[in-house]
Amino acid sequence: MDSFGVRRFTSNHLRTDDGQSLVELVAITPIVLFCGMLGLQGLVVGANAVAVDHSAHAAALAEQLGNDPVAAAREAVPGWSHGDVRVRVGSGRVRVELTPKSIVPGLARMLELRSEARVVDGFSKLYGSPGGSV
């Protein structure tokens, strides 16, 4: 203190580490949250890749058996992953496209998944008719 009762700050007071860990925590939190969200988005896309493949096969099987392939494809996709599902049927093939849900709106179109399955001729000869015996 000087003669007027004012405390003087020396360079030692400016060099303390008080509050440094709080600053580091505030700086690292958005990075950790971003990495976590990126990891979750990767898991969602991976699970949807499996779902769209199963959906295409279910639609092809339904088409072969004379059922509605679009309904079969939509039913094969789990409820939690219902994004934008599109089904195309033609020339012996079924194509299913799924745009997964995304945290970032513009990212969803870039993560679009596609799967295609072929409708096999003679399925009922190999496995029997749906209502008959094998």
query = Taking the stretch 71-96, which residues are touching a strand residue (DSSP E or B) at 6+ places or on another chain (Cβ under 7 Å), assigned to a helix (DSSP H, G or I) and either over 14 Å from residue 119 (Cβ atoms) or among the polar types (S, T, N, Q) (or both)?
reply = 74
task = Provide a single number: the residues in the stretch 17-44 that are among the polar types (S, T, N, Q) and either in contact with a Cys (Cβ under 7 Å, 6 or more places away or on another chain) or in contact (Cβ under 8 Å) with a residue 40 or more places away in the chain (or both).
result = 1
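Just so you know, all these numbers are worked out from the coordinates, no wet-lab data involved. On a predicted model such as this, the values are computed, not experimentally measured, just so you know. Every residue, glycine among them, receives a Cβ derived from its backbone with ideal geometry; neighbour counts consider all protein chains shown.
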